[in-house]
1. Every residue in region 89-99 that is touching a residue at least 24 places away in the same chain (Cβ under 8 Å) and either open to solvent by 90 Å² or more (accessible area, probe 1.4 Å) or aliphatic (A, V, I, L, M) (or both), please.
2. Could we say that Leu102 is in a helix (DSSP H, G or I), open to solvent by 80 Å² or more (accessible area, probe 1.4 Å) and touching a residue at least 12 places away in the same chain (Cβ under 8 Å) here?
3. Scan region 76-88 for residues that are under 14 Å from Ile53 (Cβ atoms) and either open to solvent by 90 Å² or more (accessible area, probe 1.4 Å) or not β-branched (Val, Ile, Thr) (or both) and report the count.
4. For region 1-55, give me the residue count where each residue is modelled with pLDDT of 80 or more, within 20 Å of the chain's Cα centre (by Cα) and of a type in the set (Ser, Thr, Tyr).
5. Here is a list of conditions, (1) farther than 20 Å from Met94 by Cα; (2) of a type in the set (S, T, N, Q); (3) out of contact with any helix residue (DSSP H, G or I) (no Cβ under 8 Å at 6 or more places or on another chain), and Ser9 meets all of them except one; can you say which number that is?
6. Check Ile112, Ile123, Ile117, Ile108 and return the single one that is in a helix (DSSP H, G or I), open to solvent by 50 Å² or more (accessible area, probe 1.4 Å) and within 17 Å of Ala59 (Cβ to Cβ).
7. Out of all the residues in region 16-43, which are open to solvent by 90 Å² or more (accessible area, probe 1.4 Å) and within 27 Å of Phe91 (Cβ to Cβ)?
8. I want to confirm something. Restricting to region 63-75 and keeping residues that are part of a helix (DSSP H, G or I) and open to solvent by less than 70 Å² (accessible area, probe 1.4 Å), which single residue is modelled with the lowest pLDDT?
Amino acid sequence: APQILMAQSRYGTPTAALLFSTIFGIIVAFSSIISPTIMFSFIINCSGGVVLIVYGMIAIAHFYLRNERKRPKNNHFLINFSVVIAISFVFLVMMFSDEQRLIAISSIGTAILFLLISMIRKIAWCKN
């Protein structure tokens, strides 16, 4: 998270993060009124696929962390591998469905966009 959102009050509450997420939530809520067929439907459609992507990333991160710590490959390896395969299969099935194709493309596109932003920031950070 950005440093400004990690700042906490004297009680340990991340007030800036709460304020930011509240404002973003209000914007999403109003988008259902302002543009229900375009903007709000994109946000709703994208969220399901993004949850799958995040879950897949967690499984991949868990796999890499176990390898870094030289832990034995046991059931956890098979479970993580199965999760990644299952999520990939879900997206593959979504691509063949006319109703789900846009959701899959927008979800994967959103993930790629944020991956590129992260890579650009990392490159810029290394140059400084």
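The values are calculated or read from the model by the stated rules, or taken from the named source; none is laboratory data. Since we're looking at a predicted model, the values are computed, not measured. Glycine gets a Cβ as well: all are built from the backbone with ideal geometry, and neighbour counts include every protein chain shown. With ligands, DNA and RNA removed, areas are computed over all heavy atoms of the protein, side chains included. Shrake-Rupley method; radii C 1.70, N 1.55, O 1.52, S 1.80 Å.
1. Taking region 89-99 first, the residues touching a residue at least 24 places away in the same chain (Cβ under 8 Å) are 90-91, 94.
Of everything in region 89-99, those that are touching a residue at least 24 places away in the same chain (Cβ under 8 Å) and either open to solvent by 90 Å² or more (accessible area, probe 1.4 Å) or aliphatic (A, V, I, L, M) (or both) turn out to be Val90, Met94.
2. yes
3. Here the count works out to 2.
4. Residues meeting the conditions: 3.
5. That leaves (3) as the condition not met.
6. Answer to the selection: Ile108.
7. Phe24, Thr37, Ile38, Phe42
8. Per the criteria, the residue is Asn67.
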